[in-house]
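Report on the structure given below.
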Amino acid sequence: YTLPEATFEKFATDDFMPVKTSANVSGNTVGGAIDVVKITDSGSGYLTSFTGTFQVDDLRTSIPGISGNTTTYRLANTASSNTDFYTNSALYISSGTGSGQMKRITSYTSSSRVIVVNSAFTTAPDSTSTYTIGPDITIDGDGTGFAAYATIASNSTVNNYISKINVVDRGSGYTFANPTISGNTGGTSNTASVKVIIPPVDGHGKDAPKELLSKEYYDKRSII
């Protein structure tokens, strides 16, 4: 939220500040978009996030001995030797071609280190693309399009806890949302938990006086 300096100087007092809706902000809001997923219990015992950079022969139809397609990729040779180890985790392209995209891993074959993702990337990764695999955050709600993954960290007292939720796509149309963390776990019972912060129905910034609980908004309510 911003306010022109001249407006602030003209109307602000020691106890109050003016509230003004920006047409530029209100005209570009997205109703029901989820900006924040809050960690309520960081858990422990998760497996560290796996990172790598695709090589030319890791990409789709170029994988040696594999009948690849637009959803098939091979991980670095340091990937886990356990089949389905990364299944239901998130694969996020963190830099290079296709950066900013995320897909869900639907299967992992350890003998070939090959993963299959749930759908083709809009911009196909290439040998410049660096990826991160971490727990996937899925939403059971009434909106669509949300996508996020978790970052794993450790400190002197807790090993491999969820330290951050990275929202890749805010989605839209959510009035309720129940999140689930899946994939990349070590079988521990100390599972993390998170909760979604639901935005205003029309989106943040659509109606600044209402969202900031201004006196004008409450005065209008009392008249109604």
Quick one: Karplus J couplings for the range 95-104, per residue in order, coefficients 6.51, -1.76, 1.60, θ = phi - 60°, nearest Hz, x for Gly and Pro? 7, x, 4, x, 4, x, 8, 9, 9, 9
Compare the peptides 44-53, 20-29 by average per-residue count of other Cβ atoms within 10 angstrom and give them in order, highest first. 44-53, 20-29
Pairwise centroid distance, computed over Cα atoms, of the range 126-201 with the range 23-42, Å: 15
Non-local residues with an amide H under 5 Å from the amide H of VAL168, with H modelled 1.01 Å from N and Pro and chain starts lacking one, are ALA147, ALA148, TYR149
Amide H of GLN101 versus every other amide H placed in the peptide plane: which residues, excluding those fewer than 5 positions away on the same chain, fall under 5 Å? ILE93
Indicate the gyration tensor shape class of the chain (rounded, prolate or oblate), computed on the Cα atoms with a ≥ b ≥ c the square roots of the eigenvalues: a/c under 1.5 is rounded; otherwise a/b larger than b/c is prolate and the rest oblate. prolate
Once normalised by the length of the chain, the mean sequence separation of its alpha carbon contacts under 8 Å that are 6 or more apart gives a contact order in percent of 29
For the range 6-13, just list the computed ³J(HN,Hα) in residue order, Karplus coefficients 6.51, -1.76 and 1.60, θ = phi - 60°, integers in Hz, with x standing in for Gly and Pro. 5, 5, 4, 5, 6, 10, 6, 10
On a full-extension model of 0.36 nm per residue, what is the gain between ASP140 and SER95, subtracting their alpha-carbon distance, rounded to one decimal in nm? 13.3 nm
Under a 10 Å cutoff between Cα atoms, tell me which one of SER42, SER156, SER81 has the largest fluctuation in the Gaussian network model of the chain. SER156
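Laboratory data are not the source of any read-out in this text; all were calculated from the coordinates shown. Note that this is a predicted model, so its numbers are computed, not measured. Using ideal geometry, Cβ is built from the backbone for each residue, glycine included, and neighbour counts are taken over all protein chains shown.
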